[in-house]
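Worksheet for the structure shown next.
The values are calculated or read from the model by the stated rules, or taken from the named source; none is laboratory data. Everything numeric in this text was worked out from a predicted model, so none of it was measured. Cβ atoms come from the backbone with ideal geometry, glycine included; neighbour counts cover every protein chain shown. Accessible surface areas use protein heavy atoms only, side chains included; no ligands, DNA or RNA. Shrake-Rupley method; radii C 1.70, N 1.55, O 1.52, S 1.80 Å.
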Amino acid sequence: MTSATLPDVRGKLTANAPLAPLVWFKAGGNAQWLFEPKDVDDLCAFLAALDPQVPVMALGLGSNLIVRDGGVPGVVVRLGKAFAGVSRTDALTLDCGGGASGVLVSSTARDAGIAGLEFLRSIPGTVGGFVRMNGGAYGGEVKDILVDCDVVLRSGQRVTLPVADLHYTYRHSYLPEGAIVAGARFRGKPGEPAAIQAEMDRISASREASQPLRSKTGGSTFKNPAGHKAWELVDKAGCRGLELGGAQVSEKHTNFLINTGEATSTEIEALGEEVRRRVRETQGVELEWEIQRVGKA
Ligand SMILES: Cc1cc2nc3c(=O)[nH]c(=O)nc-3n(C[C@H](O)[C@H](O)[C@H](O)COP(=O)(O)OP(=O)(O)OC[C@H]3O[C@@H](n4cnc5c(N)ncnc54)[C@H](O)[C@@H]3O)c2cc1C
């Protein structure tokens, strides 16, 4: 696939773009093409004209992602400035761009006196990633606050999906393959800005105490299996601090994997598989990856 075979764009198209600097693990290969659309019309026109065989995936802050070392074939779409805004549409609803951060959404909610969105303060991702992953923390989940979202389908068609159409379950949505969340409406309940800020501070402090926030990591590695906590299973399997090459199971939170320096994605993923094997052998429980693993090994 050369630039001559790709549709014209108003945004930025980069061939063979390194993804490691764009993801939290700071590891992994290149995108065959990285597309940063100028605006939603640019995104729609590009996808409509792109050969339907070419795979497309969205990238947020890469906070829940292992990009394999062989890179990602096709087009990786990263939403920039035009998608990063948050504005209020009524007393309790925020209209958020798909690339807006959890910090911006939660602080805008606080200023508007909208409670119930505080948990987004602690999830280091974008609205698109939250909607795709049904992000949640401290008792809140995206499925509880999402009204609807604007999605650009792989065909380039723009649709608005109400929350029911995403059929949310724990850390999972039925967003169609190759679809990009360009925006979302979140609704909360009336609250006092000072009380909302206090709740955000409580959440931040609790995070700081329990998670390796300043490390190269990918957040929770495995989903909590029904009736279990993933971190407890990993701990009981004796994996706390376990190392493989430059990858390590966090000492601070055993459901986090860490790149201690120069780990490859192959090492990080292999360590995760080793943890799954040890948990299966010692406790008979099958851990399921929460981190999305993309690209070629
Ligand atoms: C320190 C740390 C703490 C974390 N704590 C939590 C937590 O408490 N709760 C929680 O739920 N998660 C947590 N995470 C994981 C992560 O922050 C969330 O999964 C977040 O929703 C990912 O958002 P992102 O924009 O970075 O998505 P990425 O990691 O870039 O991508 C994740 C998935 O979402 C898709 N995606 C991204 N943007 C879009 C878009 N615009 N349209 C369609 N699909 C898209 C990607 O293709 C991929 O499949 C944590 C991560 C870290 C590093």
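Within the assembled protein chains, the solvent-accessible surface assigned to Arg187 is about 110 Å², based on a 1.4 Å probe. Overall, the accessible surface of the chain at a probe of 1.4 angstrom is composed of carbon and sulfur to the extent of 51 percent. Peptides 80-90, 230-240, ordered by how many other C-beta atoms sit within 10 Å of their residues on average, highest first, read 230-240, 80-90.
Rounded to the nearest angstrom and ordered from largest down, what semi-axes does the equivalent ellipsoid of segment 155-223 get from its C-alpha gyration tensor (root of 5λ)? Provide the component values of the computation, followed by the final result.
Working: eigenvalues 176, 88, 27 Å².
Taking √(5λ) for each eigenvalue gives 30, 21, 12 Å, largest first.
Rounded to the nearest 20 debye, the dipole magnitude of segment 1-76 is 260 debye, with +1 charges on Lys and Arg beta carbons, -1 on Asp and Glu beta carbons, and the Cα centre as origin. Other residues whose C-beta falls under 10 angstrom from the C-beta of Thr266 contribute a net charge of -2, scoring Lys and Arg +1 and Asp and Glu -1. Here each label is just a point 7 Å from Cα along the line to Cβ, and for Trp289 and His172 those points are 1.5 nm apart.
With a Förster radius of 41 Å, plug the Cβ-Cβ distance of Ala84 and Glu281 into 1/(1 + (r/R0)^6) and report the FRET value to the nearest 0.05. Please list the in-between numbers first.
Numbers: r = 45 Å, r/R0 = 1.10.
For R0 = 41 Å, the calculated efficiency reads 0.35.
The residues of the chain expose on average 44 square angstrom of accessible surface per residue, using a 1.4 Å probe on protein heavy atoms. For the chain, the normalised intensity computed at q = 0.13, 0.15 Å⁻¹ comes to -0.94, -1.20 (log10 of I(q)/I(0), Debye sum over alpha carbons, equal scatterers, no solvent).
Straight-line reach from Lys236: which lysines have Cα under 22 Å away, leaving out those fewer than 8 places along the same chain? Counting by Cα, and skipping residues close in sequence, Lys236 has these lysines nearby: Lys223, Lys252. Each Cα pair under 8 Å and six or more residues apart adds its separation to the average, and for the chain the resulting relative contact order is 19 percent.
Here the simple spin-label model places points 7 Å from the Cα toward Cβ, and for Val147 and Lys189 these points are separated by 1.8 nm.
Going through the DSSP H helices of the chain, which span 15 Å or more along their own axis at the Cα atoms while scoring at least -1.0 as a mean Kyte-Doolittle hydropathy? Can you show the working numbers first?
Working: long enough: 193-210 (26 Å, -0.39); 265-283 (27 Å, -1.22).
TM-like helix candidates: 193-210.
Computed per residue of the chain from DSSP H runs no shorter than four, each worth -39500 (n - 2.57), the mean residue ellipticity at 222 nm is -7500 deg cm²/dmol.
Since only Gly178, Gly261, Ala297 are under comparison, the one whose Cα sits farthest along the positive direction of the charge dipole of segment 143-297, derived from C-beta charges on Lys, Arg, Asp and Glu, is Gly178. Projected label points at Ala205 and Lys12, each 7 Å from Cα along the beta carbon direction, are separated by 4.0 nanometres.
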